[in-house]
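These notes are about the structure you will find just below.
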Amino acid sequence: MKNFMAVFTGSATSEARAQWDRLDEQERKRRQAAGMKAWQEWMVRHESVLVEGGGPLGKTKRISREGIADTRNNLAAYVLVRADSHQAAAQLFEGHPHFSIFPGDAVEVMECLPVPKG
């Protein structure tokens, strides 16, 4: 089995986010509670393939030759899973609460490759 990193993406300017923001506070809280319950159920259902439970991601700093600067990206959270193939890893996230309940955009899955030997 191979390890895969899944990153949850979301945009503050997406239509899904705009619809979420238009909900009244009571409905938003109800959906948030339902989403967290569904997310926790997803974690339990996939417990046997979780390598690292991950979590939400905070503000981003970009480090380059020019130095350190604040920046923004669409990364919202991450998790590490184990699967037999890239396709099998991707299928774990079909219908995930990140985008089926919450206003997230998508989940992107990539294989964690070994470090090349020098």
Would you confirm, using the coordinates I've provided, whether G54 is touching a residue at least 24 places away in the same chain (Cβ under 8 Å) and assigned to a strand (DSSP E or B)? yes
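Within the range 1-16, can you find the residues that are over 15 Å from the mean Cα position of the chain (by Cα) and either farther than 26 Å from N73 by Cα or not hydrophobic (A, V, I, L, M, F, W, C) (or both)?
If the condition is that a residue be over 15 Å from the mean Cα position of the chain (by Cα) and either farther than 26 Å from N73 by Cα or not hydrophobic (A, V, I, L, M, F, W, C) (or both), then M1, K2, N3, T13, S14, E15 are the ones that fit.
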Collect the residues in the range 85-100 that are more than 13 Å from the chain's Cα centre (by Cα) and aliphatic (A, V, I, L, M), keeping them in residue-number order. A88, A89
Among all residue pairs at least 6 apart or on different chains, which show Cβ distances below 7 Å where the first residue, located in the range 94-116, is within 15 Å of Q19 (Cα to Cα) and acidic (D, E) and the second is assigned to a loop (DSSP other than H, G, I, E, B) and open to solvent by 70 Å² or more (accessible area, probe 1.4 Å)? D105/N74
Looking at V79, V44, which one is of a type in the set (V, I, T) and free of Cβ contacts under 8 Å to residues at least 24 places away in the same chain? V44
Filtering the range 44-68 down to residues that are small (G, A, S) and open to solvent by 50 Å² or more (accessible area, probe 1.4 Å), which residue is farthest from V107 (Cα to Cα)? S48
For the range 82-93, how many residues are open to solvent by 70 Å² or more (accessible area, probe 1.4 Å) and without any contact (Cβ under 8 Å) to a residue 12 or more places away in the chain? 2
Scanning the range 68-115 residue by residue, those among the charged types (D, E, K, R), within 26 Å of S14 (Cβ to Cβ) and not in a strand (DSSP E or B) turn out to be R72, E94, D105
Just the residues that are closer than 25 Å to R17 by Cα and touching a Phe, Trp or Tyr at 6+ places or on another chain (Cβ under 6 Å), please, taken from the range 65-90. A76, A77
Could you pull out the residue among R30, R17, R62 that is without any contact (Cβ under 8 Å) to a residue 40 or more places away in the chain and either of a type in the set (V, I, T) or part of a helix (DSSP H, G or I) (or both)? R30
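The values are calculated or read from the model by the stated rules, or taken from the named source; none is laboratory data. None of the values given here were measured: they were computed from a predicted structure. Every residue, glycine as well, gets a Cβ built from its backbone with ideal geometry; the counts of neighbours run over all protein chains shown. Only protein heavy atoms, including side chains, enter the accessible area calculation; ligands, DNA and RNA are left aside. Shrake-Rupley method; radii C 1.70, N 1.55, O 1.52, S 1.80 Å.
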